[in-house]
Amino acid sequence: MRSDYDIIDRKLVRVDREGPIILIVCPSEEERRYLIDEWKIDEHTLLSALDPDELSRLEFEPEHLAIIFKRPRNYSVKDEFIFKVSSIGSFIFKDKLVVVTSEDIPIFDGITLNRPFSPTYLTLKLIYRSIYHFLEHLKIISTISDELQTKINTSMENRHLINLFTLEKSLVYYLSSISANGALIDKIKINASKIGLQVEEQELIDDIQVENNQCYKQAEVYSNILASLMDARASIVSNNLNVLIKTLNIITIAIMVPTFVVSAFSMNVKIPLATLEHAFWIIMCLALISVVAFLAFWRYRRW
């Protein structure tokens, strides 16, 4: 699906005519042929922009510059604690920008341009926004992790522990994607003169590099915390199960003691108290005394 955008009041606005910015989401076969034949985009590079497992990279083509970077996908409940990433392809021409992505997301939301339109500058802003989204998702992962830890402290199920393993797996994907974006940013900075970056764009790429490094360190800290405490959380689940078994044993033994007392007096033989009027209540009191004695002995032994 193709959408055209133009710069109006420093904001990217969708227009019905052909604009300087073209966004193609999940391109059909016809749109792919259009990009390959009309814009001379390499087919392999185009497919890489749609592959979520593709690494970020920078390629110089005869008529354009191709940049592929990573961005976190929108999270939904049905993802079941899996945070995924997607690839975005930015194809920079002299006065045009073609953006290709496999996910229908508001990619231009929140972006304002304080200078005349430049395809390279807008691409750098998109990379900066992707880092911002990574940071936002890391905060969400941290919040979910804290909630799961609270549930694990009182739970005897493996479900919450499995969810933590899933979060840890998501952080590994995020670390790989953020690292790939970092390599891309370094390559853009090294080839700044070849790309033709202006002074303001070079300052922006410096800011992007700092933000991406901080984002990587934050993701690394979260990943290390989850990995280092995973064994401890598994032990908590096992300990909770042991406490439950211990409680059930106490209840079982506590029931067996008065049952033995009552059974002894209900045998079909001549027994004491048989002729007493209040024999039933005496037996019940003996059963109660046996329970109290058993609990006192249990507490004395600190079992």
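Determine if region 6-13 includes at least one residue that is of a type outside the set (Val, Ile, Thr), surrounded by 14 or more Cβ atoms within 10 Å (Cβ to Cβ) and closer than 13 Å to Ser90 by Cα.
Within region 6-13, none of the residues are of a type outside the set (Val, Ile, Thr), surrounded by 14 or more Cβ atoms within 10 Å (Cβ to Cβ) and closer than 13 Å to Ser90 by Cα.
Please work out which one of (1) out of contact with any helix residue (DSSP H, G or I) (no Cβ under 9 Å at 6 or more places or on another chain); (2) at pLDDT below 75 is the condition Pro272 fails and give its number.
Pro272 satisfies every listed condition except (1).
Among the numbered criteria (1) among the hydrophobic types (A, V, I, L, M, F, W, C); (2) assigned by TED's automatic domain parsing to the domain that holds Asn163; (3) at pLDDT below 75, which one does Ala264 miss?
Here Ala264 meets the rest and fails (2).
Tell me, which residue of region 6-24 that is of a type in the set (Lys, Arg) and in a strand (DSSP E or B) is farthest from Thr120 (Cα to Cα)?
Among those residues, the one meeting the criterion is Arg14.
Considering only residues of region 76-101 that are buried (at least 17 other Cβ atoms within 10 Å of the Cβ) and among the hydroxyl-bearing types (Ser, Thr, Tyr), which is nearest to the chain's Cα centre (by Cα)?
If we take residues in region 76-101 being buried (at least 17 other Cβ atoms within 10 Å of the Cβ) and among the hydroxyl-bearing types (Ser, Thr, Tyr), then Ser86 is nearest to the chain's Cα centre (by Cα).
If a residue must be of a type in the set (Gly, Ala, Ser), surrounded by 13 or more Cβ atoms within 10 Å (Cβ to Cβ) and more than 17 Å from Phe69 (Cα to Cα), how many such residues does region 14-58 contain?
1
Every residue in region 43-71 that is under 33 Å from the mean Cα position of the chain (by Cα), more than 30 Å from Leu135 (Cβ to Cβ) and of a type in the set (D, E, K, R), please.
Glu43
Looking at Ile127 and the list (1) in contact with a strand residue (DSSP E or B) (Cβ under 9 Å, 6 or more places away or on another chain); (2) free of Cβ contacts under 8 Å to residues at least 24 places away in the same chain, which single condition is not satisfied?
(2)
All but one of (1) in contact (Cβ under 8 Å) with a residue 12 or more places away in the chain; (2) closer than 24 Å to Cys215 by Cα hold for Pro106; state the number of the condition that does not hold.
(1)
How about region 158-179: which of its residues are part of a helix (DSSP H, G or I) and over 15 Å from Ile141 (Cα atoms)?
Passing the criteria: Arg159, Ser176, Ser177, Ile178, Ser179.
Which condition number does Met256 fail, the rest of (1) modelled with pLDDT of 80 or more; (2) exposed (fewer than 14 other Cβ atoms within 10 Å of the Cβ); (3) farther than 30 Å from Ile144 by Cβ; (4) of a type outside the set (Lys, Arg) being met?
(1)
Please state which of the following conditions Lys189 fails to meet, knowing it meets all the rest: (1) touching a helix residue (DSSP H, G or I) at 6+ places or on another chain (Cβ under 7 Å); (2) surrounded by fewer than 17 Cβ atoms within 10 Å (Cβ to Cβ); (3) closer than 30 Å to Ser238 by Cα.
Failed condition: (3).
The values are calculated or read from the model by the stated rules, or taken from the named source; none is laboratory data. Here the structure is a predicted model, which is why all the values come from computation and not from measurement. Note that each Cβ is placed from the backbone with ideal geometry, even for glycine, and that neighbours are counted across all protein chains shown.
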